[in-house]
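For reference, the structure discussed in these notes is given below.
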Amino acid sequence: MVPTGSNSTAITGGVPLPGSHPTFTEQEVKYAVDAAKAAGVLVAVHASTPEGMRRSIMAGVDTIEHGDGATPETFKLMAEHKVAWCPTLSVGNQANKRANFQNALQAGVTIINGSDVGVFAHGDNARELEAMVSFGMKPVDALKTATSTAGQVLRQLIGEVKAGAFADLIAVDGDPTKEIAAIRRVKFVMKGGTVYKQ
């Protein structure tokens, strides 16, 4: 069954605050995951503390958003259980996010793109991919977090150019696999096979 959406809940909230603790027990998260998966829906959780993330991972969620309070051990557990991470690097404490991102890369965690746009202006989403590259990811891998890797994690036919996939394409001025900022210079946009900018 192809999922038609995602189920998102806050396990600890997106930002680790002093005294933050998980909202749900591991068993409660598992009940939610089981119900969502029975309906063919993926589960994304907002979690920021190591314990909240651990409970989510062990309960079988698909993705964790934010994860600012993660430890190297948390990321190892995510990699082992194939839980993807959406780090939202564009907002919050950049020094902490840099260290977290590098720990996740080292652990082999699957990383997908999500900027938390809305807390900053729409249209500036490119800053998330730029942050990934500045924190140590290769530009081509950063591009995949927003295309093919995201499609695989979300189990959708997106992010690839192939038969059966959505015909969503852009063309940019420059080579974003060498200079990630080239993604800001969009010259062509096709969505669902319809050209919107040429």
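The values are calculated or read from the model by the stated rules, or taken from the named source; none is laboratory data. Every value quoted in this text rests on a predicted model; they were computed, and no experiment measured them. Here Cβ is always computed from backbone atoms with ideal geometry, including for glycine, and neighbour counts include all displayed protein chains.
Worth pointing out:
- Residue 142 at pLDDT below 95 and either buried (at least 19 other Cβ atoms within 10 Å of the Cβ) or over 23 Å from residue 166 (Cα atoms) (or both): no
- Spans of strands (runs of 3 or more DSSP E) in region 1-116 with at least 1 residues at pLDDT below 95: 6-10, 42-47, 63-66
- The combined condition, being outside any loop (DSSP other than H, G, I, E, B) and surrounded by 14 or more Cβ atoms within 10 Å (Cβ to Cβ), is not fulfilled by residue 165.
- Filter pass, residue 115 being of a type in the set (Ser, Thr, Tyr), in contact with a helix residue (DSSP H, G or I) (Cβ under 6 Å, 6 or more places away or on another chain), touching a residue at least 40 places away in the same chain (Cβ under 8 Å) and assigned by TED's automatic domain parsing to the domain that holds residue 28: no
- Qualifying residues in region 107-159 (those that are more than 12 Å from the chain's Cα centre (by Cα) and among the charged types (D, E, K, R)) - the one nearest to residue 81 (Cα to Cα): 155
- Residue count for region 179-198 under the criterion of being under 22 Å from the mean Cα position of the chain (by Cα) and part of a loop (DSSP other than H, G, I, E, B): the result is 1.
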